[in-house]
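This report refers to the structure that appears directly beneath it.
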Amino acid sequence: DKARNLFLATMSHELRTPLNAIIGFSELLRDNPVQAEELNEYLQAINLAGNTLLALINDILDLSKIDARQMKIVPEPIEPAVLAEEMRVLFLQKANRPGFHYEVACPEGLPALMLDGLRVRQILLNLIGNAIKFTEKGSVVVAFSFLRTGESGGTFEVAVSDTGVGIAPESAEAIFDPFVQQDAGRDSRLQHGTGLGLAISRRLARCMGGDITLASTVGKGSVFRLVLPGVNVAGAVE
């Protein structure tokens, strides 16, 4: 009950913030004549708040589906090399800054694997996005691997390593709880999110029979690993 009340109280706050922005700027547009430059700023603020609200609602719905065990996992043939290239291209702009190195490594010859592409991408976007956001200088390296454990399958793993602010040991598990953001290290001095991304990512990984692990040192960086055992090779006969 305590956890549920905290969740609802935090969710209420997170929903009101972008809603207040949308209502406030729309009222300014309705009640006051504005110059073209101001008009563009107001519309951008409304658009940003609207997209923030939509993302939050989507996250809450995903979390609800997972906790209600209604999240469907749909495996499909996925080429790890193609997925790795997608992650490289998607974050090139954010990672393009002085004193920062972004790398995505995927061994040649990895077979196509039966994965839920939508959910794996959702997890990786969160892990990589966080790593880049919380690493002001240094590097973020994403490493794909697949270890065969039998004729038809094996363990698929993606390690996201950063040299960012790190995460305190006492917060290592708490950051996977909904709406939790720690003060000792990561999230303390940087832009705050809703605190739902890691909670959803770990739950999605567990829905697929795997997990997300964390190794981190405050001030030195973190390594998040998406580990999915029992992944079948596409087209393999079991």
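Brief remarks on what is shown
- Label-point gap, in nm, between Ser12 and Gln122 - each point 7 angstrom along Cα→Cβ: 2.7 nm
- Gain in span if fully extended, Glu173 to Gln93, counting 0.36 nm per residue against the direct Cα distance: 25.7 nm
- Cα Rg over Rh - the stretch 11-134, Kirkwood: 1.10
- Computed FRET value (nearest 0.05) for Ser26 with Asn58, which takes r as the C-beta separation and R₀ as 22 Å: 0.50
- To the nearest ten degrees, helix 80-90 and the longest principal axis of the Cα atoms of the chain are 20 degrees apart.
- Helix 36-67 axis versus longest C-alpha principal axis of the chain: approximately 40°, rounded to the nearest ten.
- Remark: the stretch 160-165, residue by residue, has Karplus-estimated 3J(HN,Hα) of 10, 10, 9, 10, x, 6 Hz, where x stands for each Gly or Pro and the curve is 6.51 cos²θ - 1.76 cosθ + 1.60 at θ = phi - 60°.
- Taken about its Cα centre, the stretch 11-78 carries a charge dipole of about 380 debye when Lys and Arg each add +1 at the Cβ and Asp and Glu each add -1 at the Cβ.
- Cα-projected label distance for Ala36 with Val227, points at 7 Å along beta-carbon direction, nm: 5.9 nm
- Average Cα contact separation per residue, the chain, under 8 Å, 6 or more apart, as relative contact order %: 19 percent
- Between Leu147 and Leu48, the FRET efficiency estimated from the beta carbon spacing at R0 = 45 angstrom works out to 0.60.
- Cα-based Lys proximity count in the chain, under 20 Å, for pairs eight or more positions apart or on separate chains: 4
- The chain: most fluctuating residue of Val142, Val158, Val104 per GNM, C-alpha cutoff 10 Å: Val104
- Charging the Cβ of each Asp and Glu at -1 and of each Lys and Arg at +1, and nothing else, the dipole of the stretch 85-183 about its Cα centre rounds to 360 debye.
Just so you know, all these numbers are worked out from the coordinates, no wet-lab data involved. Owing to the predicted nature of the structure, the values given are computational and were not obtained by experimental measurement. Virtual Cβ from ideal backbone geometry, glycine too; neighbours counted across all protein chains shown.
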